[in-house]
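The structure appears below as structure tokens.
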Amino acid sequence: MAFLPITGEEALRRGWNELDVIFVTGDAYIDHPAFGAPLLARLLESRGFRVGIIAQPDWRSKEPFTVLGRPRLFFAVSAGAMDSMVAHYTPARKLRRDDAYTPGNRHGARPNRAVIVYTTRLKEAFRDVPVVLGGIEASMRRFAHYDYWEDRVRRSILFDAKADLLVYGMGERPLLELAGRMRSGERISDLKDIRGTAYREGRAGGGRHGFEVREIPSWEEVAADRKAFADAFLLAEEEMNPFCGAAVIQRHGDRSLVCNPPAFPLVEAEMDELYALSFEKAPHPSYGEPIPAYEQIRNSVTTHRGCAGGCSFCAIAGHQGKLVQSRSEDSILAELERLAAFPWFKGSVSDLGGPTANMYGACCTNAAAMRQCRRPSCIHPKPCPKLDLADQRGAALLRRARKVPAVRNVAISSGVRFELLPLQRGYFRELVSFHVGGLLKVAPEHLSDAVTLRMRKPGREVFLAFLEHFRRESSRIGKKQHVVPYMMSGHPGCTLDDMVEAALCLKRLGLKVEQVQDFTPTPGTLATCMYYTGIDPRTGEALHVARSDREKKLQKALLLYHLREERCAVLEALRAAGREHAASDLLGGGSARQVKAAAPNARRDGTSEGCRDRGKQSPLSSARKGKVHRKKS
């Protein structure tokens with residue numbers, strides 16, 4: 001199967017004088033089902049639509065948006081696999097120097113707020129052609145939302161982008177219905193009853209299409225009142241079950257955003273059909289440089305989508321949904337066989353999983369309860385008794401995957417929810433015995449129960465029980481294997497004292513953190529709501545929020561206490577937390593005296609006086625001279 005056309009000449013070689021749908025994406029064109037635009041484009045192609053892709057167009061003029069001509073139905077616009085602002089800036093709002101979704105890993109191939117800019121250029125070039133927004137940037141910004149980079153509440157992206165329709169969540173059902181009905185002659189302005197879509201309407205509009213309606217506080221209200229912002233978030237979150245969710249209306253001045261209920265999840269047969277489509281599993285041949293994102297996933301196979309975890313800081317549940325949609329074992333094994341046939345395949349599958357590898361096959365055992373459930377998480381604070389974790393099915397998949405000819409080993413790198421593994425004994429034994437490879441990466445995120453409660457993550461005792469279980473099982477099978485914890489700093493509700501406790505716990509457990517994620521308030525998540533409002537919207541309780549660069553730096557340094565270059569920042573953090581006595585436990589003998597030598601007040605350059613007097617520098621000061629190795633967070 002040939003690549004989808006990216007130029008008019010390629011379209012003509014297929015015999016296409018005109019395309020039906022043209023995708024515009026902020027990512028390079030990689031013909032692989034792990035990337036949203038190619039996946040949806042291939043699906044439309046399989047249904048007889050003529051589809052092309054404009055990947056990473058130069059947005060400085062309208063001409064690059066005209067290379068495939070005028071589509072007969074609509075343009076489908078996405079910023080790519082990441083929100084463009086997240087792709088461009090670090091948690092400290094500093095410009096990134098790379099972009100994994102671009103050839104050569106170069107920064108600058110997409111604009112800030114890509115969805116808005118792309119739509120503007122398309123409307124300049126083809127004013128009368130409908131534009132449909134999609135992807136995670138549009139999905140998570142569909143309501144009025146807090147924007148971390150501007151530090152203000154922006155209105156729905158649908159108003160700023162001036163598009164005709166927005167598809168949120170996973171787009172297969174909405175796009176197929178939209179394209180099919182437009183092909184039959186319906187106008188996009190009349191298509192206001194499609195699930196999984198949002199549109200603009202007059203102030204009194206909405207709710208005329210058979211859906212129940214729920215109104216949330218307006219853009220003006222949430223921009224002026226943080227309590228109203230928190231209320232709006234919770235009200236919208238309650239309507240995310242596609243089986244019982246209502247249409248949500250949010251007024252914006254004299255108009256309204258109407259967000260229809262979510263699209264229904266795909267069933268197993270539909271998932272199998274989707275991933276059986278003919279993909280080249282490669283970047284378009286016009287690219288002459290490697291694309292890091294492709295190198296990471298080209299040997300991987302997706303087993304399912306959706307996540308029942310509902311972590312506060314994660315966009316997966318908000319975008320993919322909490323209902324897990326899994327492929328059949330036969331479908332997955334067939335893809336493994338196709339993967340093994342590629343000449344570049346060397347026998348190693350880099351990942352067999354999804355958002356959470358050990359949620360493959362998970363489902364609710366009570367259909368009636370599922371259709372009425374409004375819990376944002378199926379496993380927090382404890383796993384729902386109605387949740388079937390499909391232990392034997394997951395274990396059987398791993399066993400069968402190892403037997404595929406030409407497959408020498410199968411890694412599980414998409415992460416596991418460790419709190420579920422005690423309930424998945426079969427999967428756990430398969431994982432530990434054959435798929436760890438010496439290091440198992442898990443994400444407790446924090447070891448303070450007060451913080452993990454805000455995160456919708458399990459607490460410290462659950463992690464300790466898992467760690468003991470893992471070590472015992474590794475010893476039983478005679479393997480030396482270790483856990484590598486992923487941790488997060490700066491999450492709303494987390495104080496320096498909480499970070500000291502987490503660091504001391506890691507030290508006692510003999511664990512060293514390789515990666516620390518500095519919390520970034522991305523649009524549309526519960527944690528971002530907490531960050532902006534300073535309250536937990538579920539309880540109304542006021543929260544401590546680390547907003548200054550100094551405190552964020554100190555929180556992160558505590559988790560990296562074992563690194564020499566972080567020592568001065570750790571000493572400063574201990575003094576700021578009033579925990580000088582913990583220095584000896586955390587850093588070794590004599591460290592308590594060094595805490596007293598740390599500067600009472602932080603210097604602007606991040607260097608403490610105590611460290612400066614010893615001829616040392618803080619991580620921030622050293623980094624400015626290019627002397628500190630930066631770990632990706």
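The values are calculated or read from the model by the stated rules, or taken from the named source; none is laboratory data. This is a predicted model, so every value here is computed, not measured. All Cβ positions, glycine included, derive from the backbone under ideal geometry; neighbour counts span all protein chains shown.
For the stretch 285-299, does any single residue satisfy the condition of being touching a Phe, Trp or Tyr at 6+ places or on another chain (Cβ under 9 Å), closer than 30 Å to ALA55 by Cβ, surrounded by 19 or more Cβ atoms within 10 Å (Cβ to Cβ) and free of Cβ contacts under 8 Å to residues at least 60 places away in the same chain? Yes: one or more hits.
One residue stands out in the stretch 153-185 among those that are on the phi > 0 side of the Ramachandran plot and surrounded by fewer than 21 Cβ atoms within 10 Å (Cβ to Cβ): the one that is modelled with the highest pLDDT, namely GLY185. If you go through the stretch 105-142 and keep only what is of a type in the set (Ser, Thr, Tyr) and more than 18 Å from MET82 (Cα to Cα), you end up with just THR120. May I ask you to list the residues in the stretch 502-543 that are in contact with a Gly (Cβ under 7 Å, 6 or more places away or on another chain), surrounded by 20 or more Cβ atoms within 10 Å (Cβ to Cβ) and not hydrophobic (A, V, I, L, M, F, W, C)? Within the stretch 502-543, GLY524, THR525 qualify.
Among the residues of the stretch 300-322, those identified as touching a residue at least 60 places away in the same chain (Cβ under 8 Å) and among the small types (Gly, Ala, Ser) are SER300, ALA308, GLY309, GLY310, SER312, ALA315, ALA317, GLY318, GLY321. Would you confirm whether or not the stretch 368-378 contains a residue that is in the same structural domain as LEU397 (by TED's automatic domain parsing), in contact with a Ser or Thr (Cβ under 6 Å, 6 or more places away or on another chain) and assigned to a loop (DSSP other than H, G, I, E, B)? Among the residues of the stretch 368-378, not one is in the same structural domain as LEU397 (by TED's automatic domain parsing), in contact with a Ser or Thr (Cβ under 6 Å, 6 or more places away or on another chain) and assigned to a loop (DSSP other than H, G, I, E, B), which makes the answer no. Please verify whether the stretch 320-333 includes one or more residues that are at pLDDT below 95 and within 26 Å of THR102 (Cα to Cα). Checking the stretch 320-333: at least one residue is at pLDDT below 95 and within 26 Å of THR102 (Cα to Cα).
Rundown of residues vs (1) out of contact with any Phe, Trp or Tyr (no Cβ under 9 Å at 6 or more places or on another chain); (2) of a type in the set (Lys, Arg), yes/no style:
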position	(1), (2)
SER218	yes, no
VAL222	no, no
ARG226	no, yes
LEU234	yes, no
PHE243	no, no
VAL258	no, no
PRO265	yes, no
SER278	yes, no
LYS281	no, yes
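When restricted to residues that are buried (at least 17 other Cβ atoms within 10 Å of the Cβ) and farther than 24 Å from VAL167 by Cβ, the stretch 103-117 contains 1. In the stretch 436-452, the residues that are over 12 Å from THR495 (Cα atoms) form Cβ pairs under 7 Å with partners that are crowded, with 19+ Cβ neighbours inside 10 Å and of a type in the set (Ser, Thr, Tyr), at six or more places apart or across chains, as follows: GLU445/THR452.
Looking across the stretch 561-582 at every residue that is hydrophobic (A, V, I, L, M, F, W, C) and assigned to a helix (DSSP H, G or I), the one that is farthest from GLY510 (Cα to Cα) is identified as ALA576.
So which residues in the stretch 253-271 are crowded, with 20+ Cβ neighbours inside 10 Å, closer than 26 Å to ASP164 by Cβ and within 24 Å of the chain's Cα centre (by Cα), if there are any at all? Of everything in the stretch 253-271, those that are crowded, with 20+ Cβ neighbours inside 10 Å, closer than 26 Å to ASP164 by Cβ and within 24 Å of the chain's Cα centre (by Cα) turn out to be CYS259, ASN260, PRO261, PRO262, ALA263, PRO265, LEU266. When LEU323, LEU274 are checked against the criterion of being buried (at least 20 other Cβ atoms within 10 Å of the Cβ) and in a helix (DSSP H, G or I), LEU274 stands alone in meeting it.
Every condition in (1) surrounded by 15 or more Cβ atoms within 10 Å (Cβ to Cβ); (2) more than 18 Å from GLY524 (Cβ to Cβ); (3) polar (S, T, N, Q) holds for GLN250 except the one numbered (2). In the stretch 428-440, is there at least one residue being touching a Pro at 6+ places or on another chain (Cβ under 8 Å) and over 14 Å from LEU558 (Cβ atoms)? Yes. Candidates PRO64, PRO91: the one that is assigned to a loop (DSSP other than H, G, I, E, B) and surrounded by fewer than 23 Cβ atoms within 10 Å (Cβ to Cβ) is PRO91.
So that you can scan it fast, the table gives a plain yes or no per residue for (1) without any contact (Cβ under 8 Å) to a residue 24 or more places away in the chain; (2) of a type in the set (A, V, I, L, M, F, W, C):
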residue	(1), (2)
TRP59	no, yes
ALA76	no, yes
MET82	no, yes
HIS107	yes, no
ARG110	no, no
ALA114	no, yes
ARG121	no, no
ARG127	yes, no
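Listed by position, the strands (runs of 3 or more DSSP E) contained in the stretch 147-244 that have at least 1 residues being hydroxyl-bearing (Ser, Thr, Tyr) are 197-202. Looking only at the stretch 1-53, how many residues end up being within 23 Å of PRO130 (Cα to Cα) and in a strand (DSSP E or B)? Result for the stretch 1-53: 8.
For the stretch 120-146, a residue qualifies if it is closer than 22 Å to ARG183 by Cβ and part of a helix (DSSP H, G or I), and exactly one does: LEU122.
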